[in-house]
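Note sheet for the following structure.
The values are calculated or read from the model by the stated rules, or taken from the named source; none is laboratory data. Everything quoted here is computed from the prediction, not taken from an experiment. No Cβ is skipped: glycine too gets one built from the backbone with ideal geometry, and neighbour counts run over all protein chains shown.
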Amino acid sequence: MNGIFDTAVNAFRVESIRKRLLYTFMILGIFMIGGLIPVPGMDGEKFTQLIQQWGQLGSIMDIISGGGLAHASILSMGVSPYINASIILQLLTVVIPRLEEMSKEGESGRKKMDKITRYSAIGLALVQSSLFCYSTRTALNSSLPTWLNAGVVIISFTAGAAIVVFLGEKINDKGIGNGVSLIIFAGIATRLPAMVKTLYAKCVDLSTKIDSAVWGAIVGILVFILVAAVSVAIIVFVLYVQNAERRIPVQYSKKVIGRQQRGGNRDYIPLKVNMSGVMPVIFAMSLLAIPNIIVTLFMSNSSNKVALWLKNEFTGSSWYYVVYFLLIIAFTFFYTAINFHPVEIANNITKNGGMINGIRSGKPTTDFIKITAHRLNWVEAFFLVLVCIVPTIIGVLTGFENVWFAGTSVLILTGVANDLIVQVEGELEIRSPKGFLEDLTIKSGKR
């Protein structure tokens, strides 16, 4: 904790970092203010009631949207269209050679991919806004013509999604941290007071069920402390795994340049255990919500048994958690396969005169790194399952499902905060005299 506090203090002492942090906070503030602006032509109370009727599906979509869906604001779509566009584009990258080549073109390819994702997100926002307007048509303002009112609502939702994408990209360009992740972080963080209030109400309700007022108060206090302690333990565990890494030792050969001898030291390649972060969970949640969304939007009054089962029984059932479990594992391996490139790492090792102990250069090095990453993927996948599913199941069994500070929320909060701190520490190290000299040493070839 002292290290985090010292990092924050030191960051605000450096002018360039302070400006970037303040810029990030300003963008997040604009996002929070935008979440308070209601959509014109929509009855906010009726819209909120309709979203609450969706049950856990509404809660999941509210988390993904950054917490603005339930308030019928112009930013209700949040980052959901952008995330869905990213998922679709990454899936298409595997099957479309042109997109795969573009993703490997370096910085220029990344910019092209970002541009495609941006326009795809706006297109999906238009479709999603139309579906939301149709499903919540009973909340439209009856004083205006239906076609005009629906058009205003759809345009407002779509424009809000475009604004969120714009704000996220501004954080990426001029701020610190990942813009989309920070926007979701801000939406979840604002719900923490309500979560604590709900926990308090649950404990009070539990204490009133005990005949003795004294024992009831004691039980309520103990339950509150127990839930708080478990929440802290989960946070510590998540932070530990997110910072854990597998270090592959590399031996660099000696080089003689003029009269100086350089290299010849040992180094390591750090492979993070939680390499994919929270993205596999968000991908799994988004894909798992699609059947329920279709049923809720288009088959809400249907008597079809499958539709009724998907709407009323699937979410929260054992089948739901089995599919959730399998999707998290699948997306963990998929996301790593797209973003982790063992061939490039092996080539960089060989180019710098390095070699993994006991492993020949070339394909054997690539295979060794690939196998090591594959094993870490299993650890990461079961870690995500443990954090996301187990606390949720315990919450359902104990009746505290709405107050458990775990699952996706804790992964996003701790992951984004941890990445932000790591990035700030990296900026501080580069700008310190010691870090600057080390950077120059590395660039000059001294190890």
Point to revise | Cβ-Cβ under 8 Å pairs, at least 6 apart or on other chains, segment 263-286 side farther than 23 Å from Ser253 by Cβ, far side part of a loop (DSSP other than H, G, I, E, B) and modelled with pLDDT of 85 or more | key: Lys272/Ala244; Val273/Ala244; Asn274/Ala244
Exercise for review: Would you check which residues across segment 293-309 are modelled with pLDDT of 70 or more and crowded, with 21+ Cβ neighbours inside 10 Å and list them?
Suggested key: Val295
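Determine which member of the set Ile74, Ile60, Ile27 is β-branched (Val, Ile, Thr) and modelled with pLDDT under 80. Walk me through it before giving the result.
Values: Ile74 fails: modelled with pLDDT under 80; Ile27 fails: modelled with pLDDT under 80.
Answer to the selection: Ile60.
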Study note, to complete from the structure: Within segment 109-135, residues at pLDDT 85 or above and in contact with a Leu (Cβ under 6 Å, 6 or more places away or on another chain) come out as Thr117
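Take the residues in segment 100-122 that are of a type in the set (A, V, I, L, M) and surrounded by fewer than 19 Cβ atoms within 10 Å (Cβ to Cβ), then tell me which one is farthest from Gly168 (Cα to Cα).
Step one: of segment 100-122, the residues of a type in the set (A, V, I, L, M) are 102, 113, 116, 121-122.
Applying the additional criterion that residues be surrounded by fewer than 19 Cβ atoms within 10 Å (Cβ to Cβ) yields 102, 113, 116, 122.
Details: Met102: 22, Met113: 16, Ile116: 15, Ile122: 14 Å.
Out of the qualifying residues, it is Met102.
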Practice item. Pick out the one residue from Ser120, Ser130 that is more than 25 Å from the chain's Cα centre (by Cα) and either over 30 Å from Glu344 (Cα atoms) or touching a residue at least 24 places away in the same chain (Cβ under 8 Å) (or both). Key: Ser130
Check your understanding: Just wondering, is there one or more residues in segment 234-243 that are touching a strand residue (DSSP E or B) at 6+ places or on another chain (Cβ under 9 Å) and surrounded by fewer than 16 Cβ atoms within 10 Å (Cβ to Cβ)?
Key -> yes
Review point. Within the group Ile210, Ile171, Ile188, Ile184, which residue is out of contact with any Leu (no Cβ under 8 Å at 6 or more places or on another chain), part of a helix (DSSP H, G or I) and of a type outside the set (Phe, Trp, Tyr)?
Key: Ile184
Check your understanding: Of these, Thr366, Thr372, which one is under 21 Å from Glu245 (Cβ atoms), modelled with pLDDT of 80 or more and more than 26 Å from the chain's Cα centre (by Cα)?
Key -> Thr366
**Study point:** Selection count, segment 350-378, where residues are surrounded by 15 or more Cβ atoms within 10 Å (Cβ to Cβ) and part of a helix (DSSP H, G or I)
**Key:** 9
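Determine if segment 137-149 includes at least one residue that is crowded, with 17+ Cβ neighbours inside 10 Å, small (Gly, Ala, Ser) and modelled with pLDDT under 85.
First, the residues of segment 137-149 that are crowded, with 17+ Cβ neighbours inside 10 Å: 139-140, 149.
Then keep just the ones that are small (Gly, Ala, Ser); that gives 139.
Applying the additional criterion that residues be modelled with pLDDT under 85 yields 139.
Within segment 137-149, one or more residues are crowded, with 17+ Cβ neighbours inside 10 Å, small (Gly, Ala, Ser) and modelled with pLDDT under 85.
So, in segment 184-200, exactly how many residues are surrounded by fewer than 14 Cβ atoms within 10 Å (Cβ to Cβ) and more than 20 Å from the chain's Cα centre (by Cα)?
Looking only at segment 184-200, we keep the residues that are surrounded by fewer than 14 Cβ atoms within 10 Å (Cβ to Cβ), and these are 192-194, 197, 200.
When the remaining residues are screened for being more than 20 Å from the chain's Cα centre (by Cα), the result is 193-194, 197, 200.
Adding up the residues that qualify gives 4.
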